[in-house]
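The values are calculated or read from the model by the stated rules, or taken from the named source; none is laboratory data. Worth saying up front: this structure is predicted, and the values here are computed from it rather than measured. Quick reminder, even Gly has a Cβ in these numbers, built from the backbone with ideal geometry, and neighbours come from all protein chains shown.
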Amino acid sequence: MNKQNLLLLGVAFTSLFIGGMVYQHQQADFRSTQGDSFKWSTIQEQTFVVNYFAEWCAPCLKEVPELNEFEKWTSTQPNVEFIAVSYDPLSEQKLSEIITKYNMQFPVVGQTGSNFPIAVPQYLPATFIVSSGEVSKPLLGEQTVESLIQAVKAVQAQP
């Protein structure tokens, strides 16, 4: 093998390695049923609000209109992201049916993956705020748009 072929082979292997690293870096840690993809390394630079819910949980369903309003508020905030996570392991089809049935206007996640930093709560509804990589104590029970905004602002005000 001559020097030119050896050089081309080295460039090819290096390109393959770099391509694999870029591919791994771009992979999402989890996705919403609406197609939004999330990666914890970028989320940790934001304030991230996570609401756990279940269809069998009446207070969870009762707070959906408040969560819809909260989603509208978060969309106007430069570094605040909001998702809801299904407590129960449901198929994407079943989650889509629930989203439609209850008019959920925010990203809903069914499978969070192994990197998800929030353990499944014991009580529902439960809302967590992640800021600077730190997970808050859960806000338990029904929340209002005002209580959620207040909680986000309180977390963001902490040094």
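Some values worked out for this structure:
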quantity: Leading residue by the ranking (surrounded by the fewest Cβ atoms within 10 Å (Cβ to Cβ)) among those in segment 105-151 that are among the hydrophobic types (A, V, I, L, M, F, W, C), under 15 Å from Ser86 (Cα atoms) and in contact with a helix residue (DSSP H, G or I) (Cβ under 6 Å, 6 or more places away or on another chain); calculated: Leu124
quantity: Residues being in contact (Cβ under 8 Å) with a residue 60 or more places away in the chain and among the polar types (S, T, N, Q) - total across segment 116-156; calculated: 6
quantity: Count of segment 93-104 residues which are exposed (fewer than 13 other Cβ atoms within 10 Å of the Cβ) and in contact (Cβ under 8 Å) with a residue 24 or more places away in the chain; calculated: 1
quantity: Residue in segment 53-87 that is nearest to the chain's Cα centre (by Cα), counting only those that are modelled with pLDDT of 95 or more and among the charged types (D, E, K, R); calculated: Glu71
quantity: Qualifying position, being under 18 Å from Ile149 (Cβ atoms) and among the basic types (Lys, Arg), among Lys72, Lys101, Lys39; calculated: Lys72
quantity: Helices (runs of 4 or more DSSP H) lying entirely in segment 27-145 (those with 3 or more residues that are farther than 20 Å from Val155 by Cβ); calculated: 58-62, 64-74, 92-101
quantity: Segment 132-147, residues that are under 18 Å from Glu71 (Cα atoms) and touching a Phe, Trp or Tyr at 6+ places or on another chain (Cβ under 6 Å); calculated: Val145
quantity: Residue pairs meeting the criteria (Cβ under 9 Å; at least 6 apart or on separate chains; first in contact (Cβ under 8 Å) with a residue 12 or more places away in the chain and more than 13 Å from Ala126 (Cα to Cα), in segment 57-72; second in a helix (DSSP H, G or I) and polar (S, T, N, Q)); calculated: Glu66/Ser147
quantity: Output for segment 97-122, where each listed residue is of a type in the set (Ser, Thr, Tyr) and either modelled with pLDDT under 95 or on the phi > 0 side of the Ramachandran plot (or both); calculated: Thr112, Ser114
